[in-house]
DNA sequence: GTGCTCTATGTGAGCGCTAACACTACCCGA
DNA sequence: TCGGGTAGTGTTAGCGCTCACATAGAGCAC
């Protein structure tokens, strides 16, 4: 009382009804007289009553909480996704509980999922961009609504994903259209699906144009690795166009090129991926690809809610969100 | 059963003990025979039993969940803080529920806090960097453990904060030590405490050196606003040193200076704040200030846990985390 | 009037857990 | 021998809510 605040029975007593009627009002049940409804609402307001989610979760077996498992929520992509998910979920009356993991191996993921299950979350969204994450999901109880984001396209799990391949293809084509003979690619870590998709799109576009893809440069999303790759690329006079798997890699590449005195875009064109807010202020402003995180969040949440409402079993739903090319100043035709 | 998984009584039956003994094992109660404990653990493992957090929350009145209220978790600072909080909380057995808000007015904040209270969170961390947020906190039930991060230093609420003033002072002094006559400042939004603290530190350092602070340039944390301020500063020949309130502003400034052909650091030195991972790859690598987000997260969580355990009433605790200067290449002595 | 439906409300049980207390051994000192 | 601790365990009563069902009254046809 003093500590725990008023309960439903307190409201009921004040309104002169039974606790069940209060419950009905709270849950928007139809068969309640308008006058009664008003009286109950007044009592709720007067007491500052707040329904106890734990009690509700106990009896219904499901809380109004969605668990999100993500790695490294400091990165722009995951952070944006998380924020968008939270906003969308809040609009639907759901809270979002984060379970971020340092590593994406199955032990970490399983542990995070366990934690969520202990709290009886209504559903789980796994931002699982790597191979090893998928395995952890196989062992999950089948009755827990689940959606993966940017996960393994080959696993029979509901999936929402940014169309990495299409984005990368568009970027590569964009560079070819500008007149470049070929396009070099600085990739993300090889075990990420995002990374794989971007490599695939790049390769496809080149092959479609009858070009043999040049050797791949392996990065790890960080500006530091972009810088290292950039130092190599800067020394190769034949390089005129570079597609980096994300904007941070592009930043590192840009700096390396700058240090070697190679002008962008006059001598070399550079394109990124993600459209971080700062990309427009790189030197020069970066042409990049913008994934629609809001759309991804909306799609995954809707997919999850469908499962929650229908009791479960989304089966192997999947949805792909197309990204858009954002053209800025870092692309120009090659010299000569 | 099929859906809800085994309950404590199921474990008890299998282990041949009472459910209460299972409860004791789970909660690390001392008076349980080693042999019994083992039997119970075996039963738990065999059934794949998972304690029901909702039931526990119902009876104890507190869940093992900490609510975090934050704005714009896409920004590097808040995102890092959130991630660090989650990691720290997980280590203590707590889950973290995010309630991000679009605006930091009291209606939004109150709504987010309400949502957390409905779920009976054990405590709340509010990342409340602006004035209006504080008001919302005044009306909060007194018995809810609460910690604010980067909040109003003048409110009687437990507070953990990065020492903005010290950081800004150090940066400014660093520039003066390099030989600059004065330091210009591009600030963050005026209603953020972070912003105010950085302005204060900058001003203090200048005044201490007997220098009248030059006019303040107002930004809003974004690279875009940094760019706009940079365009003005670039045209002023007397400007030789700029301290920007965060790294993104610095990026915008750097680009503007670059466009105007002003060399950094040869002609103008630039310093940022936050040490985003990319700062080392700006052109040139950015000298900046690194706040220790992990330390902030640890401090706030510890403060919160103290309140949770002791029943409440942290009173007006406060803790300040000193940031460190990270010297890179964007600072040099002025010409001549 | 009787019997029916339909709406508005109340009653009781129980979700899975913890807290408080009760109980049973058993050991120890007097 | 017996009281009195103390470790180990069981029993009972709820926490605040929803679900399934019971009930009461109103409306209406015959």
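So in the range A:62-76, with the set limited to residues that are more than 16 Å from DNA strand C (Cβ to nearest atom) and more than 14 Å from residue A:109 (Cβ to Cβ), which one is surrounded by the most Cβ atoms within 10 Å (Cβ to Cβ)?
Going through the range A:62-76, the residues more than 16 Å from DNA strand C (Cβ to nearest atom) turn out to be A:65-76.
Cutting the leftovers down to more than 14 Å from residue A:109 (Cβ to Cβ) gives us A:65-66, A:73-76.
Working: A:65: 25, A:66: 28, A:73: 24, A:74: 18, A:75: 21, A:76: 22.
For the range A:62-76, the residue satisfying everything is A:66.
Does the range B:36-48 include one or more residues that are over 23 Å from residue A:115 (Cβ atoms) and away from DNA strand C (no atom under 15 Å from the Cβ)?
Among the residues of the range B:36-48, at least one is over 23 Å from residue A:115 (Cβ atoms) and away from DNA strand C (no atom under 15 Å from the Cβ), which makes the answer yes.
Taking into account only those residues within the range B:29-61 that are in contact (Cβ under 8 Å) with a residue 40 or more places away in the chain and facing another protein chain (nearest Cβ under 9 Å), which is surrounded by the fewest Cβ atoms within 10 Å (Cβ to Cβ)? It would help to see each step written out before you state the result.
The first filter runs over the range B:29-61 and keeps only residues in contact (Cβ under 8 Å) with a residue 40 or more places away in the chain, leaving B:47-52, B:57, B:61.
Next cut, facing another protein chain (nearest Cβ under 9 Å) only: B:48, B:50-52, B:57, B:61.
Working: B:48: 9, B:50: 17, B:51: 18, B:52: 21, B:57: 26, B:61: 14.
Filtering first and then ranking leaves B:48.
What pairs can you find where one residue is in the range A:215-238 and without any contact (Cβ under 8 Å) to a residue 12 or more places away in the chain and within 14 Å of chain B (Cβ to nearest Cβ), the other is part of a helix (DSSP H, G or I) and surrounded by 15 or more Cβ atoms within 10 Å (Cβ to Cβ), and their Cβ atoms are less than 6 Å apart, with a gap of 6+ or different chains?
none
Looking only at the range A:231-247, which residues are under 16 Å from residue A:282 (Cα atoms) and in a helix (DSSP H, G or I)?
Correct list: A:247 only.
I want to confirm something. Restricting to the range A:1-48 and keeping residues that are more than 27 Å from residue B:143 (Cα to Cα) and within 39 Å of the chain's Cα centre (by Cα), which single residue is nearest to DNA strand D (Cβ to nearest atom)?
The initial filter retains those residues of the range A:1-48 that are more than 27 Å from residue B:143 (Cα to Cα), namely A:16-18, A:20-21, A:24-25, A:27-39.
Adding the requirement that they be within 39 Å of the chain's Cα centre (by Cα) leaves A:24-25, A:27-30.
Values: A:24: 8, A:25: 9, A:27: 5, A:28: 10, A:29: 8, A:30: 13 Å.
Applying the filter and picking the extreme gives A:27.
Here is a check on your reading of the model: is residue B:310 within 14 Å of chain A (Cβ to nearest Cβ) and either farther than 21 Å from residue B:185 by Cβ or at pLDDT 95 or above (or both)? Full working, then the answer.
On the way: within 14 Å of chain A (Cβ to nearest Cβ): yes; either farther than 21 Å from residue B:185 by Cβ or at pLDDT 95 or above (or both): yes.
When the stated conditions are applied, residue B:310 passes them.
Return yes when residue A:93 is within 30 Å of residue A:247 (Cα to Cα), at pLDDT below 90 and either outside any loop (DSSP other than H, G, I, E, B) or within 16 Å of DNA strand D (Cβ to nearest atom) (or both) and no when it is not.
Working: within 30 Å of residue A:247 (Cα to Cα): no; at pLDDT below 90: yes; either outside any loop (DSSP other than H, G, I, E, B) or within 16 Å of DNA strand D (Cβ to nearest atom) (or both): yes.
Against the criterion (within 30 Å of residue A:247 (Cα to Cα), at pLDDT below 90 and either outside any loop (DSSP other than H, G, I, E, B) or within 16 Å of DNA strand D (Cβ to nearest atom) (or both)), residue A:93 does not qualify.
Scan the range B:67-87 and tell me whether some residue there is within 16 Å of DNA strand D (Cβ to nearest atom), facing another protein chain (nearest Cβ under 9 Å) and within 23 Å of the chain's Cα centre (by Cα).
We begin by selecting, within the range B:67-87, every residue within 16 Å of DNA strand D (Cβ to nearest atom); these are none.
No, the range B:67-87 has no match at all.
Testing residue B:152 on (1) within 20 Å of the chain's Cα centre (by Cα); (2) part of a loop (DSSP other than H, G, I, E, B); (3) within 14 Å of chain A (Cβ to nearest Cβ), one condition comes back false. Which one is that?
With (1) within 20 Å of the chain's Cα centre (by Cα); (2) part of a loop (DSSP other than H, G, I, E, B); (3) within 14 Å of chain A (Cβ to nearest Cβ) applied to residue B:152, the lone miss is (3).
For the range B:115-141, name all the residues that are part of a loop (DSSP other than H, G, I, E, B) and under 15 Å from residue A:50 (Cβ atoms). Can you show your working first?
Applying the first criterion (part of a loop (DSSP other than H, G, I, E, B)) to the range B:115-141 yields B:119-122, B:128-129, B:139-141.
Answer for the range B:115-141, where residues must be part of a loop (DSSP other than H, G, I, E, B) and under 15 Å from residue A:50 (Cβ atoms): B:119, B:120, B:121, B:139, B:140, B:141.
Being more than 10 Å from chain B (Cβ to nearest Cβ), within 18 Å of the chain's Cα centre (by Cα) and under 27 Å from residue A:244 (Cα atoms): is that true of residue A:134 here?
Working: more than 10 Å from chain B (Cβ to nearest Cβ): yes; within 18 Å of the chain's Cα centre (by Cα): yes; under 27 Å from residue A:244 (Cα atoms): yes.
When the stated conditions are applied, residue A:134 passes them.
Would you confirm whether any residue within the range A:101-119 is surrounded by fewer than 21 Cβ atoms within 10 Å (Cβ to Cβ) and within 13 Å of DNA strand C (Cβ to nearest atom)? Reasoning before the result, please.
Let us first name the residues in the range A:101-119 that are surrounded by fewer than 21 Cβ atoms within 10 Å (Cβ to Cβ), namely A:102-103, A:105-108, A:110-111, A:114, A:117-118.
Next, from what is left, pick out any that are within 13 Å of DNA strand C (Cβ to nearest atom): A:117-118.
Within the range A:101-119, one or more residues are surrounded by fewer than 21 Cβ atoms within 10 Å (Cβ to Cβ) and within 13 Å of DNA strand C (Cβ to nearest atom).
Is one or more of the residues making up the range B:311-322 in a strand (DSSP E or B), crowded, with 23+ Cβ neighbours inside 10 Å and touching a strand residue (DSSP E or B) at 6+ places or on another chain (Cβ under 9 Å)? Reasoning before the result, please.
Residues of the range B:311-322 that are in a strand (DSSP E or B), as a first pass: B:318-321.
Checking the rest, the ones that are also crowded, with 23+ Cβ neighbours inside 10 Å come to none.
No, every residue in the range B:311-322 fails to be in a strand (DSSP E or B), crowded, with 23+ Cβ neighbours inside 10 Å and touching a strand residue (DSSP E or B) at 6+ places or on another chain (Cβ under 9 Å).
Given the residues A:144, A:186, which is the only one that is within 14 Å of chain B (Cβ to nearest Cβ), part of a loop (DSSP other than H, G, I, E, B) and either under 30 Å from residue A:332 (Cβ atoms) or at pLDDT below 90 (or both)?
Values: A:186 fails: part of a loop (DSSP other than H, G, I, E, B).
Criteria check complete, one pass: A:144.
State all residues of the range A:248-291 that are more than 13 Å from chain B (Cβ to nearest Cβ), in contact (Cβ under 8 Å) with a residue 40 or more places away in the chain and part of a loop (DSSP other than H, G, I, E, B); if no residue qualifies, say none.
A:265, A:266, A:267, A:273, A:291
Pick from A:17, A:32, A:59: which is part of a helix (DSSP H, G or I) and within 16 Å of DNA strand C (Cβ to nearest atom)?
Working: A:17 fails: part of a helix (DSSP H, G or I); A:32 fails: part of a helix (DSSP H, G or I).
Exactly one of A:17, A:32, A:59 is part of a helix (DSSP H, G or I) and within 16 Å of DNA strand C (Cβ to nearest atom), namely A:59.
Any residue in the range A:8-25 that's more than 14 Å from chain B (Cβ to nearest Cβ) and closer than 15 Å to residue A:48 by Cα: show its pairings with residues that are more than 8 Å from DNA strand D (Cβ to nearest atom) and not in a helix (DSSP H, G or I) at Cβ separation under 8 Å, as long as the two are six or more apart or on different chains.
A:12/A:18
If we keep just the residues of the range A:89-100 that are within 11 Å of chain B (Cβ to nearest Cβ) and surrounded by fewer than 23 Cβ atoms within 10 Å (Cβ to Cβ), which is farthest from residue A:296 (Cα to Cα)? Please lay out each step first, then the result.
Within the range A:89-100, the subset within 11 Å of chain B (Cβ to nearest Cβ) is A:89-90, A:93-100.
Then keep just the ones that are surrounded by fewer than 23 Cβ atoms within 10 Å (Cβ to Cβ); that gives A:90, A:93.
On the way: A:90: 16, A:93: 19 Å.
My answer is A:93.
The values are calculated or read from the model by the stated rules, or taken from the named source; none is laboratory data. The shown structure was predicted, so the numbers you read here are calculated from the model rather than taken from an experiment. With ideal geometry, Cβ positions are generated from the backbone for all residues, glycine too; neighbour counts draw on all protein chains shown.
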